[in-house]
């Protein structure tokens with residue numbers, strides 16, 4: 001609603017791991033003893049290498065690799081049998097690596113097979129693909145195999161298995177294979193030789209982005225979580241600023257090569273700013289450099305801002321405003337805003353954003369860089385002028401369908417700890433529940449559904465008419481509306497304000513069925529999580545919540561999202577409250593045991609023990625509470 005549905009530029013990638021195999025042994029057609037169940041390679045084509053980029057994978061070979069993968073998944077995770085299977089299968093892959101990698105089904109199978117591979121087989125498959133690197137890197141299937149091989153480095157670098165294999169290689173003078181480090185550096189060198197081409201190619205840019213992460217020793221969350229095969233729509237739309245990077249150790253040579261690649265961005269900065277595919281590579285580079293080489297990151301940011309600031313001036317003032325409205329450049333600027341240091345961000349705001357915030361908030365594209373600016377705010381000095389400028393326009397921004405700007409502003413107030421009471425009052429006015437004051441008790445349903453008071457309750461009021469008082473009976477009789485994702489985020493931020501008085505009073509006024517609907521909602525359940533965990537919510541408020549939910553515990557337990565809320569309530573409840581919950585659930589024990597979610601709740605609270613051996617249950621719960629108090633005191637110290 002407030003966030004544009006962005007097509008995720010980094011389409012499906014799969015990364016898996018490497019394996020080791022013996023050298024030089026002649027293979028007979030008969031499997032080793034104890035390995036009769038292992039899939040056999042196709043008799044005629046098992047050692048025939050792919051000759052060129054147009055080689056095809058035979059149906060027999062594809063069937064063999066599919067059976068081998070299935071057998072590996074079923075085999076024990078460790079043991080000699082599994083290792084031998086991996087060695088044999090990847091030996092066949094090495095013989096026809098190009099054909100496998102560029103076949104759609106073969107590519108997906110190979111990505112998973114690499115997940116079982118130790119170091120040497122992975123290096124040999126990689127080496128087999130290297131003569132055709134340009135073809136594979138720009139192939140819609142082959143590039144994901146290269147990505148998958150690269151993403152094995154966090155597992156393989158520095159592992160004991162790697163050290164053992166390196167010792168073996170030292171004694172094998174006739175072994176022409178390169179080390180993993182040499183293969184990565186060689187790949188980086190080949191990419192450097194034609195950097196613009198790889199960055200601008202639809203498929204090749206995937207390789208560049210993964211290579212940047214591996215060289216920097218940082219994997220983005222979107223990379224690590226990407227499932228094998230094609231991505232889901234949710235993963236494709238995952239915004240870059242929500243990624244949680246994962247770091248791993250890399251050799252110094254990798255960081256040196258990362259610096260070399262950064263220089264290529266500076267050399268052709270105009271291309272990386274204006275060309276859509278190439279721009280994705282620069283966005284990833286900024287994230288990696290920000291963590292590992294912050295000086296180079298600052299240099300790149302200065303180059304981007306400097307280039308954009310010297311283009312044709314807009315009628316509104318700063319030339320940067322033109323690029324904030326552009327689909328490609330705005331995405332790059334979003335990333336720049338997130339990695340800028342606070343002093344530079346302050347200067348950027350004063351030079352280019354100040355006085356234009358309401359215009360940007362109303363624009364269908366420019367409102368997203370504005371959201372990232374708000375996400376990056378960490379000081380009251382920057383937040384104050386932003387709040388002052390946006391304050392008169394919050395209702396208009398919501399009416400224009402850009403609630404993401406409002407959510408980001410509230411999030412900034414929560415993070416910085418300033419202007420919280422002011423922004424909360426502005427929200428009440430924007431949703432038409434500030435005056436008369438009796439309407440404030442209805443703010444939670446309005447915020448949750450992102451709906452104005454008159455629309456939510458179906459009232460028809462003339463513009464100049466005095467707003468009607470809130471009707472408690474009418475509000476209690478109305479079922480809770482559908483909770484939106486952004487409405488849930490808004491309430492979660494507000495619950496963590498230092499004094500969220502109106503919001504807490506409103507959630508306390510909800511009826512049992514309305515609270516149940518909130519808990520059973522995929523988005524609304526997170527609001528109750530915030531109520532249970534926020535330091536701004538007192539124990540008295542939480543006890544009142546439990547009282548309201550009495551009679552609803554069975555429905556909560558038998559709900560997918562409600563059962564999770566009930567687990568959170570249980571973990572924070574005192575022994576007396578636990579007795580009340582268990583007693584209510586125990587009355588309908590059979591119903592709980594038949595329900596898939598209720599069954600787990602009954603097990604978690606030891607409901608059978610409660611019903612049959614109450615004294616033992618109380619001792620057990622008392623011991624759990626004591627351990628929790630001790631752990632809490634340790635964490636507080």
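The values are calculated or read from the model by the stated rules, or taken from the named source; none is laboratory data. Remember, it's a predicted structure, so these values are computed and weren't measured experimentally. Every residue, glycine as well, gets a Cβ built from its backbone with ideal geometry; the counts of neighbours run over all protein chains shown.
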Report summary line: Exception for residue 535 within (1) at pLDDT 90 or above; (2) more than 30 Å from residue 474 (Cα to Cα); (3) not in a loop (DSSP other than H, G, I, E, B) falls at (3)
Requested in this report: Please specify each residue of region 361-375 satisfying the condition of being surrounded by fewer than 23 Cβ atoms within 10 Å (Cβ to Cβ) and assigned to a helix (DSSP H, G or I).
Outcome: 362, 372, 375
Query raised in the report: Given the structure, is residue 324 at pLDDT below 95 and either more than 21 Å from residue 220 (Cβ to Cβ) or in contact with a helix residue (DSSP H, G or I) (Cβ under 7 Å, 6 or more places away or on another chain) (or both)?
Result: yes
Query raised in the report: From the residues in region 197-246 that are over 21 Å from residue 141 (Cα atoms), surrounded by fewer than 16 Cβ atoms within 10 Å (Cβ to Cβ) and touching a helix residue (DSSP H, G or I) at 6+ places or on another chain (Cβ under 7 Å), which one is modelled with the highest pLDDT?
Result: 246
Report task. Answer yes or no: is there a residue in region 100-121 that is out of contact with any helix residue (DSSP H, G or I) (no Cβ under 9 Å at 6 or more places or on another chain) and touching a residue at least 40 places away in the same chain (Cβ under 8 Å). Result -> no
Query raised in the report: Restricting attention to region 330-347, which residues are closer than 13 Å to residue 372 by Cβ and not in a loop (DSSP other than H, G, I, E, B)?
Result: 330, 331, 332, 333, 334, 335, 336, 337, 338, 339, 345
Report task. Among residues belonging to region 488-529 that are over 17 Å from residue 564 (Cα atoms) and in a loop (DSSP other than H, G, I, E, B), point out the one that is nearest to the chain's Cα centre (by Cα). Result -> 496
Query raised in the report: Any residue in region 598-619 that is within 32 Å of the chain's Cα centre (by Cα) and without any contact (Cβ under 8 Å) to a residue 24 or more places away in the chain?
Result: yes
**Report entry** Search result, residues across region 106-135 that are modelled with pLDDT of 90 or more, surrounded by fewer than 21 Cβ atoms within 10 Å (Cβ to Cβ) and over 13 Å from residue 91 (Cβ atoms)
**Finding:** 127, 130, 131, 132, 133, 134, 135
Report task. Test each condition in (1) over 18 Å from residue 212 (Cβ atoms); (2) in a helix (DSSP H, G or I); (3) in contact (Cβ under 8 Å) with a residue 12 or more places away in the chain for residue 350 and report the one that comes out false. Result -> (3)
Query raised in the report: Listed residues 518, 549, 592; which is in contact with a helix residue (DSSP H, G or I) (Cβ under 7 Å, 6 or more places away or on another chain), modelled with pLDDT of 95 or more and surrounded by 17 or more Cβ atoms within 10 Å (Cβ to Cβ)?
Result: 518
Requested in this report: Examine region 425-438 for a residue that is more than 19 Å from residue 393 (Cβ to Cβ) and in a loop (DSSP other than H, G, I, E, B), and state whether such a residue exists.
Outcome: yes
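Matching residues to (1) within 25 Å of residue 102 (Cα to Cα); (2) at pLDDT below 90; (3) out of contact with any helix residue (DSSP H, G or I) (no Cβ under 7 Å at 6 or more places or on another chain); (4) surrounded by 15 or more Cβ atoms within 10 Å (Cβ to Cβ):
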site	(1), (2), (3), (4)
149	yes, no, no, yes
165	no, yes, no, yes
171	no, yes, yes, no
184	yes, no, no, yes
188	yes, no, no, yes
